[in-house]
1. What full-extension length gain, to one decimal in nm, is calculated for Ile377 and Lys365 as 0.36 nm per residue of separation minus the Cα-Cα distance?
2. Karplus couplings for segment 285-298 from phi (6.51 cos²θ - 1.76 cosθ + 1.60, θ = phi - 60°), rounded to Hz, Gly and Pro as x?
3. Put a dot 7 Å past each Cα toward the Cβ at Ile87 and Ala234; how far apart are the dots in nm?
4. Identify all aspartates and glutamates with a Cα-Cα distance to Lys354 below 19 Å; exclude those on the same chain that are fewer than 8 residues away in sequence.
5. Go through 247-255, 160-168 and give me the packing order, highest mean Cβ count within 10 Å leading.
6. How high is the relative contact order of segment 128-225, in percent, with contacts defined as C-alpha pairs under 8 Å that are six or more residues apart?
7. Would you mind computing Rg(Cα) / (2.2 N^0.38 Å) for segment 121-256, counting N as its residues?
8. For the pairs Lys2/Lys326; Lys152/Lys250; Lys20/Lys395; Lys47/Lys365; Lys375/Lys395; Lys97/Lys326, flag any whose C-alpha to C-alpha distance is greater than 24 Å.
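Values in this text are rule-based calculations from the coordinates and carry no lab data. In this text, all values refer to a predicted model and were calculated from it rather than measured experimentally. Positions of Cβ are backbone-derived with ideal geometry, glycine not excepted, and every protein chain shown enters the neighbour counts.
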Amino acid sequence: MKVPKILILGAGYGGLMTAKGLQKHLRPGEAEVTLVNQNSYHYITTKLHEPAAGTSHHDHARLAISSVIHPHRVNFIQDQVTSIDTIAKKVTLADHKDPLEYDYLVIGLGSAPETFGIKGLLENAFFIRSIDSVRMIREHMEYMFSQYAEDKKDELITIVVGGAGFTGIEYVGELVDRMPELCREYDIPLEKVRIVNIEAAPSVLPGFDPDLVNYATDYLKSKGVEFHINTPIAECTTEGVILKGGEEIKASTVVWTGGVRGNKLVEDAGIETMRGRVKVDGQLRAPGHEEIFIIGDSSLVFPSENERPYPPTAQIATQQGQFLGKNLVTVLRGGKMETFVYHTKGTIASLGRKEAIGVLGKNSKVMGIKASFVKRITELRWLYLLGGISLVLRKGKF
Ligand code: FAD
Ligand code: NAD
């Protein structure tokens, strides 16, 4: 009898959890499981703002896939997916001549920056989205600071962060922590540095609890961060940014944290999308494709018909991966899949190493060092899910 082929694209939160689940629940020979990822490592996206600011080394935000995947159970291929053919049920990779065939496809390829067509962003801004991208941000920023010693132009030590959602605020928090050390290293007076966070909406962290938003902005302002609220960035140039209304802010480092959309490969595969994300059914399947499952940032899950979709987070991607890791086994054995139900544990945003804000469960507010501690626990929990206590002890930063 033909052994069914399960192909998982992307070793992010969703893809890796699916692979871990299948590795655990499938009997040997019950299915052929293949995981494809463009890097040999998994990057811990939820920590990428730290190496982007230089408050921690990028090795703390990644781990070898071989350290969590069993090679006899899951065949790992390091390559870049270039296209998905949903009719022929084949996936093409950049460096493999023959496409990969599948009976079941799990797409967990994450997101791409949403630039809303803003002129010059793709060319001139940096993005917090991978190990490669955050290494570039840190090195560029440090090079600009080093140039300031010779050429005292203020823009060299001005950093603009476009968008004050969770990524923007967490990054600004790290920058605040990094600046004293960076200024000492390059002999720059701390008060000369400008960190400017620009937000289109009337408040930072739009829609989040107002008390927690005030706590965050008061703390960050006390550390010198400038907020421009209700002022969308209209253009990004080689010199900095131009705001709606025409004001220009000169900055040699512009980091765009203005939102995300689904991975373009999903759209290109002809699957119906909204901003690149697919409204999946209760079993996480793409509409019209019984054998294609979409998880993580490329999926859209609605709590109910008339509500807004859940925001794309590692939390929901992890739960979707856990769900598929179990339910795909049920399908293979001829059983009926359960319905995916998301259980939110809350939201915590760090403001550097020792400060954070958050809501635990449905509405219990936390802030300060206590919130920061909870954030560390959630990071350790991810390591625990991937590799148990030994991985926590090896990779966890306490
Ligand atoms: P990802 O984790 O992004 O993984 C996608 C994988 O696919 C990657 O390994 C990538 O290399 C691979 N890939 C992409 N394209 C290709 C290709 N063409 N070929 C092969 N491989 C490919 N969420 C939270 O819940 N809590 C937080 O505290 C939190 N903090 C965050 C902090 C930051 C700075 C950022 C940017 C995001 C944060 N998020 C947080 C959001 C969270 O990181 C994402 O929602 C989550 O990573 C989505 O998981 P995923 O599995 O969909 O994709
Ligand atoms: P986001 O969409 O949550 O925030 C983007 C922000 O940019 C918004 O506030 C938006 O108003 C603003 N913006 C858009 N266009 C703009 C413009 N032209 N000028 C200025 N501002 C503009 O995106 P994100 O912060 O990258 O987060 C992506 C996802 O990841 C979200 O679902 C978020 O919840 C999740 N995330 C979670 C955490 C956490 O839980 N700690 C951390 C980071 C990201």
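1. 2.7 nm
2. Karplus values, whole Hz, x for Gly and Pro: 8, 6, x, x, 10, 4, 9, 10, 10, 10, 9, x, 5, 8.
3. Between Ala234 and Ile87, the simple spin-label model gives 4.5 nm.
4. Of all the aspartates and glutamates, those that pass the test against Lys354 - Cα under 19 Å, at least 8 places apart if same chain - are Glu50, Glu170, Glu174, Asp177, Glu181, Asp211, Asp218, Glu379.
5. On the way: 247-255: 20.1, 160-168: 24.4.
Ranked from most to least packed, the peptides come out as 160-168, 247-255.
6. Details: 78 pairs, mean separation 30.2, N = 98.
For segment 128-225, the relative contact order is 31 percent.
7. So the Cα radius of gyration is 1.01 times the expected 2.2 N^0.38 Å.
8. Long pairs (Cα-Cα over 24 Å): Lys97/Lys326.
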